[in-house]
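A.B. asks: Here it is, the structure in full.
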Amino acid sequence: MAACLQLHVDIIGPAGFDLSDRALKRAGLDYLDRAAFDLHEDFTAFVKRRIERDGKTLILATTSGATPYLEYRFTSNDIILMGRESSGVPSDVHELVDARIKIPMQAGARSLNLALSTAMIMGEALRQTDGFEFKDPTI
């Protein structure tokens with residue numbers, strides 16, 4: 001998805017999946033050379049890098065978010081943070097973000113998987129910010 005939609009991805013460790021070169025090459029298939037991503041050892045390393053990217057807004061997608069993602073007004077300066085499927089993000093991270101968004105779901109449903117929720121939110125963010133580079137001009 002990142003390669004196809006020209007998104008930059010920050011992967012923050014410890015990740016819930018294998019980040020070895022071999023695993024990344026297998027998961028990325030022939031798109032890996034087109035994907036823009038940075039690996040961060042931990043959240044502290046990510047925050048340090050974020051400070052270098054002055055002006056970026058950190059938005060957390062969380063089941064406990066206050067604003068439905070379809071109501072949030074995204075900008076091209078947003079960094080959208082997705083947590084682990086199993087545990088989300090630590091509580092101290094919740095305190096550091098600028099906004100918390102959610103995907104509205106039926107009562108009793110815990111969450112969607114990471115790939116699906118990322119695709120939903122990124123699709124809306126790209127739509128709002130006119131971020132789809134290769135749009136069909138007839139639409």
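The values are calculated or read from the model by the stated rules, or taken from the named source; none is laboratory data. Since this is a predicted model, take the numbers as computed values, not measurements. Quick reminder, even Gly has a Cβ in these numbers, built from the backbone with ideal geometry, and neighbours come from all protein chains shown.
A.B. asks: Kindly provide the set of residues from segment 1-16 that are closer than 13 Å to GLY88 by Cα and of a type in the set (A, V, I, L, M), ordered by number.
C.D. replies: ILE12, ALA15
A.B. asks: Tell me, which residue of segment 79-106 that is of a type in the set (A, V, I, L, M) and modelled with pLDDT under 90 is surrounded by the fewest Cβ atoms within 10 Å (Cβ to Cβ)?
C.D. replies: From segment 79-106, those of a type in the set (A, V, I, L, M) are 79-82, 89, 93, 96-97, 99, 101, 103, 105; that's our starting set.
Restricting the remaining residues to those that are modelled with pLDDT under 90 gives 89, 93, 96.
On the way: VAL89: 18, VAL93: 18, LEU96: 14.
Going through the qualifying residues, I end up with LEU96.
A.B. asks: Something else: Report, by residue number, each residue of segment 91-104 that is free of Cβ contacts under 8 Å to residues at least 40 places away in the same chain and in a loop (DSSP other than H, G, I, E, B). So that I can check it myself, show each step before the final result.
C.D. replies: Restricting attention to segment 91-104, the residues satisfying the condition of being free of Cβ contacts under 8 Å to residues at least 40 places away in the same chain are 91-92, 94-95, 97, 104.
Matches in segment 91-104: VAL97, PRO104.
A.B. asks: Sticking with this structure for a sec: Tell me, which strands (runs of 3 or more DSSP E) lie completely within segment 1-78 with 1 or more residues that are of a type in the set (Val, Ile, Thr) and either surrounded by 13 or more Cβ atoms within 10 Å (Cβ to Cβ) or modelled with pLDDT of 85 or more (or both)?
C.D. replies: Details: elements: 8-12, 36-40, 57-61.
Answer list for segment 1-78: 8-12, 57-61.
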